[in-house]
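Below is one structure, written out as structure tokens; the observations come after it.
What follows draws every value from the coordinates through simple rules; no lab data is involved. For clarity, every value in this text was computed on a predicted model and none was experimentally measured. Note that we place each Cβ from the backbone using ideal geometry, even for glycine, and neighbour counts take in every protein chain shown.
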Amino acid sequence: MTPRISVVIPVYNEGANIVRCLDRILRAVTLSCEILIVYDMVQDSTVPFAREIGRRDARVRPMLNTYGRGPANAIRFGIAAAKAPVVVVTMADGSDDPRQIDELARLVDRGVVVAAASRYMPGGQQVGGPRVKGMLSRWAGRLLYWFARTGTRDATNSFKAYDSEFVRQVGIESRAGFEIGLELTAKATRLRLPVAEIPTIWLDRQLGETNFDVGRFLPSYLRWFRFAFGRRLTLEKVQSRLPAAPMEENEPSWQQ
């Protein structure tokens, strides 16, 4: 049976932390789902724990990313491998609230192409995290919401649900960091497709260290921030931007 939701989780040396993350998601999600744990190398410390849970619960599918290292490639790989009509991207660090996965997916069921969990709308909150990163994210979200009419005040948050067909049509150009959420929101905005949001409380990770580097990823975020502003585009125009698939990319495969 085809699941209703594919949950994509990029991981990098989460180790035993993934056990708590998966336990919370498996308890919280009530809709039929698959959970794709996408790692870059078989030596990743997350792998043995994810495989053990996958042996006990068929919804969990550890997958080796063959699109190239880094979170953007892992997310692209996971979305390409997803079986469900709705894809939800969430992080392994426990910052996102898995109880909201069902709600985000239901928004997509109702017709939106991007459903965002928003820290910056009424009822939302960000607890902890780097101050500069939070300030930049908050003001970028406000400017995009007010002037580009993105439909969400938190375009940079990675915790989003997507219409799978929409993502396949517009493609993903990002290859570096976590800017895919902003890219797909910007593309939906330029295509004048519906984007919606629900409030979320984001908690800074309690275990391990973040891999996010503001200085390294900022140029990519600025690229999509600028792209969100502009007149309506056709799908053909958006598709014409897509890079050719590199020869070394393989079809997604399940590595149990």
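Sort the following peptides by mean Cβ neighbour count (other Cβ atoms within 10 Å, averaged over residues), highest first: 107-120, 24-37. Numbers along the way, then the final one.
Working: 107-120: 22.9, 24-37: 18.4.
Highest-to-lowest ranking by the protection proxy: 107-120, 24-37.
Counting Lys and Arg as +1 and Asp and Glu as -1, each charge on the Cβ, what is the dipole of the chain about the Cα centre in debye, to the nearest 20? List each step's numbers first, then the result.
Working: 36 positive and 27 negative charges, 180 e Å.
The dipole of the chain has a size of about 860 debye.
Take the alpha carbon atoms of the range 56-85, find their center, do the same for the range 22-40, and report the distance between the two centers in whole angstrom.
About 12 Å separates the Cα centre of the range 56-85 from the one of the range 22-40.
If each residue's Cβ is checked for other Cβ atoms within 10 Å, how do 227, 147, 178, 77 rank with the fewest at the top?
147, 227, 178, 77
Note down the Stokes-Einstein diffusion coefficient of the range 1-82 in µm²/s, whole number, using a Kirkwood radius over alpha carbon pairs, 4 °C, and 1.567 mPa s. Could the numbers behind the result be given before it?
Numbers: Rh = 12.6 Å.
D = 103 µm²/s.
Which value at 222 nm does the chain reach when only helices count, each DSSP H run of 4 or more adding -39,500 (n - 2.57), with the total divided by all residues and rounded to the nearest 500 deg cm²/dmol?
Value at 222 nm, helices only, nearest 500: -11000 deg cm²/dmol.
Beyond 32 Å, what share of the Cα-Cα pairs of the chain is found? Please give it as a whole percent.
Pairs farther apart than 32 Å: 14 percent.
Counting other beta carbons within 10 Å of each residue's own, what order do 139, 202 fall into, fewest first?
139, 202
Where Lys and Arg each count +1 and Asp and Glu each count -1, what net charge lies around residue 28 among other residues with Cβ under 11 Å from its Cβ?
-2
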